[in-house]
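Everything below concerns the one structure shown next.
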Amino acid sequence: MSLSIVHTRAQAGIHAPVVSAEIHLAGGLPKITIVGLADTEVKEAKERVRAAIINSQFEFPARRITINLAPADLPKGSGRFDLAIAIGILAASGQIPNNELGQYEFLGELALTGEVRSVQGVLPAAMQVRDSDRTLVVPKVNLEEASLVNGIKLIAVDHLLEICSHLSGQTPLAIATTHARQQHHHPHPDLQDVYGQPHAKRALEIAAAGRHSLLFIGPPGTGKTMLASRLAGILPDLDEQAALECAAVYSISRHGFDASNWMQRPFRAPHHTASGVALVGGGSSPRPGEISLAHHGVLFLDELPEFDRRVLEVLREPLESGSITISRATRQAEFPARFQLIAAMNPCPCGYLGHPNGKCHCTSDQIQRYQARISGPLLDRIDMHVNVPALPFISIQSPQGNEESSAIVRQRVFAADERQRARNGKANAALNNQELKHYCKLDSASLQLMQRASDQLGLSARAYHRILRLARTIADLEHSDDIKAQHLSEAIGYRQLDRQPNRPSYGAGHIYSM
């Protein structure tokens, strides 16, 4: 038979659509033609495949070979189709059996020697192959990554000869078993190392419990970056599905998947010179950016006003939707981006606005221009605006020694997380408007407080809903089934930039009272 059909997988964003490699041998002058919207890397496969087949002691057919990668309108790139094309040519030429190829899917790039090299994006492909009930053949170096998917049938190979011997029944290969991978616990910086700042620590705990976005504002050296770097140490653990989603993003990125980070929440801290493409992703062949690499984790933006304003504006839609769609002339890709935003900024260009020593000499115009680098719509999407004031010298030189450790705070965060998961099935920050009506009902006293705050602060509908989610988390930390006036008051107090939009105060108080 001069026709064979072999299954493989393409890469389209976070998805891995199935591709059928149809190989047909016909009479005529020897020639290889690859059709099906193939990129340059795929078209170059004919030379790699030819050398690999010959160097594996097979005969390369001197016939007219047509390779169709279907569906034809799906863009195809990289060398991931090499192994499938080689198997198809050998099957079509009768050198290996053709009758059982429908039970397998093949991924792998071929060296000229016939060695099977690693490819990117194995994990998303494995997740979808499991649902197709086929056996996935992968390079042995990708076995650890693919085996994260429970219930999948895997065969790992080092060389083209190994899989050919298996398909011919000469040397059957064992089906690799998947098993629960042990979580690696990386040490995180401890909150106990941060002296003072009880208000900021309280805000960090609330943010961790409900996955709320948070902006720290204060002079240099007050502990903003230290606090943000300790958020990962108090966040709840990932479940298996969320861990697979995080690993899948890294699998298709230029970083690749690192098994030592399995079940760890990502913590990304790009420099303020990062471009918009670096932040949200892109390129001619779209790749995930920092917001997708921080999926189910933390995106920390230090020195927030130093980022280009146009770069910051691209965060507005992902903060609401939890995903990003990259559109190019010839292709489109969607990446998940449900990250927790933590940011830090100085109050003015010199950084010392509101400092007790009166060190700030910035003019009102300079302060206004500096703060205007962050647009109102972006600030409106940040749940908490928290002041981190300068510490007195005595607090630094002679700390009280009663600072809570991350382990203690994490226990409270875990308890609040369990309450909201049992009630909502999700974190409070992800509640939609209908769920807010059901889970965040206010009593008459709280409604009056909310009405006064809305009138005096000029809150938008978005800010109102974010305050409700924040109050729900505060109530969960207090083991309260209902949102009470004190919970709502504290939540309103974290909207400092709504209170004084032109020149916010930088004190330590956090309870809103009228």
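Looking at residue 302 and the list (1) exposed (fewer than 15 other Cβ atoms within 10 Å of the Cβ); (2) under 27 Å from residue 243 (Cβ atoms), which single condition is not satisfied?
(1)
I'd like to know if the stretch 248-268 contains one or more residues that are over 29 Å from residue 371 (Cβ atoms), touching a Ser or Thr at 6+ places or on another chain (Cβ under 9 Å) and assigned to a helix (DSSP H, G or I).
Yes - at least one qualifying residue is present in the stretch 248-268.
Given 338, 310, which one is at pLDDT 90 or above and exposed (fewer than 15 other Cβ atoms within 10 Å of the Cβ)? Please lay out each step first, then the result.
Numbers: 338 fails: exposed (fewer than 15 other Cβ atoms within 10 Å of the Cβ).
Of 338, 310, the one residue that is at pLDDT 90 or above and exposed (fewer than 15 other Cβ atoms within 10 Å of the Cβ) is 310.
Output yes when any residue across the stretch 328-340 is assigned to a loop (DSSP other than H, G, I, E, B), free of Cβ contacts under 8 Å to residues at least 60 places away in the same chain, under 30 Å from residue 72 (Cβ atoms) and assigned by TED's automatic domain parsing to the domain that holds residue 264, and no when none is.
There is at least one residue in the stretch 328-340 that is assigned to a loop (DSSP other than H, G, I, E, B), free of Cβ contacts under 8 Å to residues at least 60 places away in the same chain, under 30 Å from residue 72 (Cβ atoms) and assigned by TED's automatic domain parsing to the domain that holds residue 264.
Going residue by residue through the stretch 332-340, is there one that turns out to be touching a Pro at 6+ places or on another chain (Cβ under 7 Å) and acidic (Asp, Glu)? Spell out the reasoning first.
So in the stretch 332-340, the residues touching a Pro at 6+ places or on another chain (Cβ under 7 Å) come out as 333, 335, 337.
Now restrict to residues that are acidic (Asp, Glu): none.
Looking for residues that are touching a Pro at 6+ places or on another chain (Cβ under 7 Å) and acidic (Asp, Glu), one finds none in the stretch 332-340, hence no.
Checking the structure you have, find out if any residue of the stretch 176-193 is part of a loop (DSSP other than H, G, I, E, B), in the same structural domain as residue 360 (by TED's automatic domain parsing) and either touching an Asp or Glu at 6+ places or on another chain (Cβ under 8 Å) or hydroxyl-bearing (Ser, Thr, Tyr) (or both).
Within the stretch 176-193 (the criterion being part of a loop (DSSP other than H, G, I, E, B), in the same structural domain as residue 360 (by TED's automatic domain parsing) and either touching an Asp or Glu at 6+ places or on another chain (Cβ under 8 Å) or hydroxyl-bearing (Ser, Thr, Tyr) (or both)), the answer is no, since none of the residues qualifies.
Can you tell me which condition residue 275 does not meet? The list is (1) without any contact (Cβ under 8 Å) to a residue 60 or more places away in the chain; (2) under 30 Å from residue 109 (Cα atoms), and all the others hold.
Single failed check for residue 275: (2).
Pick out, from the stretch 387-489, the helices (runs of 4 or more DSSP H) lying fully within it that include 3 or more residues that are over 27 Å from the mean Cα position of the chain (by Cα) and under 30 Å from residue 357 (Cα atoms).
Output list reads 393-397.
Out of everything in the stretch 116-150 that is assigned to a loop (DSSP other than H, G, I, E, B), in contact with a Ser or Thr (Cβ under 7 Å, 6 or more places away or on another chain) and not aliphatic (A, V, I, L, M), what residue ends up being surrounded by the most Cβ atoms within 10 Å (Cβ to Cβ)?
Restricting to residues being assigned to a loop (DSSP other than H, G, I, E, B), in contact with a Ser or Thr (Cβ under 7 Å, 6 or more places away or on another chain) and not aliphatic (A, V, I, L, M), the top hit is 121.
Could you tell me whether any residue of the stretch 376-392 is assigned by TED's automatic domain parsing to the domain that holds residue 206, over 30 Å from residue 232 (Cβ atoms) and without any contact (Cβ under 8 Å) to a residue 60 or more places away in the chain?
Keep residues of the stretch 376-392 that are assigned by TED's automatic domain parsing to the domain that holds residue 206, which gives 376-392.
With the extra rule that they be over 30 Å from residue 232 (Cβ atoms), the set shrinks to none.
There is no residue in the stretch 376-392 that is assigned by TED's automatic domain parsing to the domain that holds residue 206, over 30 Å from residue 232 (Cβ atoms) and without any contact (Cβ under 8 Å) to a residue 60 or more places away in the chain.
Select, from 382, 291, 374, 324, the only residue that is in a strand (DSSP E or B) and buried (at least 19 other Cβ atoms within 10 Å of the Cβ).
Checking each option against the conditions leaves just 324.
Which residues, counting only those in the stretch 353-373, are within 39 Å of the chain's Cα centre (by Cα), over 23 Å from residue 312 (Cα atoms) and of a type in the set (Val, Ile, Thr)?
Across the stretch 353-373, there are no qualifying residues.
Looking only at residues that are surrounded by 17 or more Cβ atoms within 10 Å (Cβ to Cβ) and either free of Cβ contacts under 8 Å to residues at least 12 places away in the same chain or touching a Cys at 6+ places or on another chain (Cβ under 7 Å) (or both) in the stretch 74-115, which one is nearest to residue 25 (Cα to Cα)?
Within the stretch 74-115, the match that is nearest to residue 25 (Cα to Cα) is 90.
The values are calculated or read from the model by the stated rules, or taken from the named source; none is laboratory data. Note that the structure is a prediction, hence the values are computed from the model and not measured. A quick note on method: Cβ atoms are made from the backbone with ideal geometry, for glycine too, and the neighbour counts reach across all protein chains shown.
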